[in-house]
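Right, one structure below, let's go through it.
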Amino acid sequence: MKTLFTYDLRIQQTLIILFLATSIAAGVMHKEFLCISIFVEFFLIAIVQYSLNIMKFLSEKYAKKDSRKLYIFFQAM
């Protein structure tokens, strides 16, 4: 898990760049496959973000402040 937290920023940056590139390509090419892949990438970003936040919340390394508890509570809703 320590390695995952090390590359947390890189993983998120890569997914967002991939999402933006696919969005631009879908806008230019008007292909149905690209539109479907935009939805898949969007939910992939959400799943990765949610998973990393839960792991950080459960980790001893990160402080369990009220703001993080509130964020996890609203994220679960």
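The values are calculated or read from the model by the stated rules, or taken from the named source; none is laboratory data. As the structure is a computational prediction, the values presented were derived from the model and not from experiment. Virtual Cβ from ideal backbone geometry, glycine too; neighbours counted across all protein chains shown. These accessible areas exclude ligands, DNA and RNA; they are computed on the full protein's heavy atoms, side chains included. Shrake-Rupley method; radii C 1.70, N 1.55, O 1.52, S 1.80 Å.
Just for the range 1-35: of the residues that are among the aromatic types (F, W, Y) and closer than 14 Å to L52 by Cα, which one is least open to solvent (accessible area, probe 1.4 Å)? It would help to see each step written out before you state the result.
At the first step, the residues of the range 1-35 found to be among the aromatic types (F, W, Y) are 5, 7, 19, 33.
Right, trim to closer than 14 Å to L52 by Cα and you get 5, 7.
Details: F5: 29, Y7: 126 Å².
Restricting to residues being among the aromatic types (F, W, Y) and closer than 14 Å to L52 by Cα, the top hit is F5.
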Quiz item: Which residue pairs have Cβ atoms under 8 Å apart, sit 6 or more places apart or on different chains, and have a first residue in the range 35-64 that is among the basic types (K, R) and a second that is surrounded by 13 or more Cβ atoms within 10 Å (Cβ to Cβ)?
Solution: K56/F5; K56/Y62; K56/R68; K61/F5; K64/F57
